[in-house]
Amino acid sequence: MTIPAQDLLNARILIVDDQAANVSLLEAMLQAAGYTQVSSTQDPTTVCALHRQHAFDLILLDLQMPVMDGFQVMEGLKASAPDDYLPVLVITAQPGHKLRALQAGAKDFVSKPFDMVEVKTRIHNLIEVRLLYRQLALHNQALERQVQQRTTELRESEARYRALTELATDWHWEQDGEGRFTQVSGPVLEMLGLRVDALSGVPGEDPDASWNEIGRREVQARIASRRPFLDVPLSRTLANGVTQHYRVSGTPVFDSKCNLTGYRGFGVAILSP
């Protein structure tokens, strides 16, 4: 990500210093450098309100001021900041204040008397970092909205798939990696008297039904070997002579490391012509 030069020059800057001469000097330097939105105040008690109103990209803050010093101003800014970023460049003539200012949340410092080249360089760098930080935050918000939208779409798609599956299949089953049935569902299952357990050779099938052994053995073999199969015909004849026909499909399920984790399949009843 890069910041256009004009965006840097359009950054909102606030100068906070109780000395009018310092304010005038910094204003003249910033305007000569091409910055277009430079504000100032000699009253430190107004800084928090001004920042809430204008969301400055950089605050040039003198540390030694009457009534309210720069450290107190930073505490107020942290309490009312709209985000976690404190865009403060402190101005101090006391070397011992530099580390304390950084620990209080300032992003950088300049020393009095001013070295104008140094001041302009530090201002440029901090504004660039601030705008990049804001651009990254906006990008993350956009990504989060996309994730939420995709998640909603996925849930809706899954709901449609489940609804269509319920309409399209008479029953379905799922097995774990050991071949144990973990789920059998479908409202037609009970009406047909069909036991899915019979497909795996487990006792418990309808004693009054006679399965077509050729199709049934094929289905059993496919499931046992964990091979996929599609629309294998299967039929059974009830005690009253009625033959019921089905199409049976199934597929193994693997994890990301190609380990078998289970098996799933479904069956559809075929209406007789």
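The values are calculated or read from the model by the stated rules, or taken from the named source; none is laboratory data. This structure is a prediction, so every number in the text was calculated from the model and none was measured. As a convention, Cβ positions derive from the backbone with ideal geometry for all residues, glycine included, and neighbour counts pool all protein chains shown.
Which one of Asp57, Asp7, Asp43 is modelled with pLDDT of 90 or more, charged (D, E, K, R), exposed (fewer than 15 other Cβ atoms within 10 Å of the Cβ) and within 15 Å of Glu128 (Cα to Cα)?
Asp7
Mind listing just one residue for me: the one in the range 250-273 that is under 18 Å from Gly177 (Cα atoms) and free of Cβ contacts under 8 Å to residues at least 24 places away in the same chain and, of those, nearest to the chain's Cα centre (by Cα)? I'd like the intermediate steps shown before the answer.
Our first condition is that a residue be under 18 Å from Gly177 (Cα atoms); within the range 250-273, this holds for 250-266.
The next check asks that each one be free of Cβ contacts under 8 Å to residues at least 24 places away in the same chain; those that pass are 251, 253-258.
Values: Thr251: 32, Val253: 27, Phe254: 26, Asp255: 23, Ser256: 22, Lys257: 25, Cys258: 27 Å.
Out of the qualifying residues, it is Ser256.
Of these, Leu58, Leu138, which one is hydrophobic (A, V, I, L, M, F, W, C) and within 26 Å of the chain's Cα centre (by Cα)?
Testing whether each residue is hydrophobic (A, V, I, L, M, F, W, C) and within 26 Å of the chain's Cα centre (by Cα) leaves just Leu138.
For the range 12-19, indicate whether the set of residues that are among the charged types (D, E, K, R) and over 16 Å from Pro87 (Cβ atoms) is non-empty.
yes
Quick check: is even one residue across the range 98-105 at pLDDT 85 or above and surrounded by fewer than 11 Cβ atoms within 10 Å (Cβ to Cβ)?
yes
Could you list, in sequence order, the residues of the range 228-253 that are of a type in the set (A, V, I, L, M, F, W, C) and either farther than 12 Å from Val268 by Cβ or surrounded by 14 or more Cβ atoms within 10 Å (Cβ to Cβ) (or both)?
Those that are of a type in the set (A, V, I, L, M, F, W, C) and either farther than 12 Å from Val268 by Cβ or surrounded by 14 or more Cβ atoms within 10 Å (Cβ to Cβ) (or both): Phe229, Val232, Leu234, Leu238, Ala239, Val242, Val248, Val253.
Does Leu30 meet the test of being touching a residue at least 40 places away in the same chain (Cβ under 8 Å) and within 29 Å of Gln135 (Cβ to Cβ)?
When the stated conditions are applied, Leu30 passes them.
Just give me the residues in the range 206-249 being in contact (Cβ under 8 Å) with a residue 40 or more places away in the chain and within 40 Å of the chain's Cα centre (by Cα), in sequence order.
Residues satisfying the conditions are Ile223, Val248.
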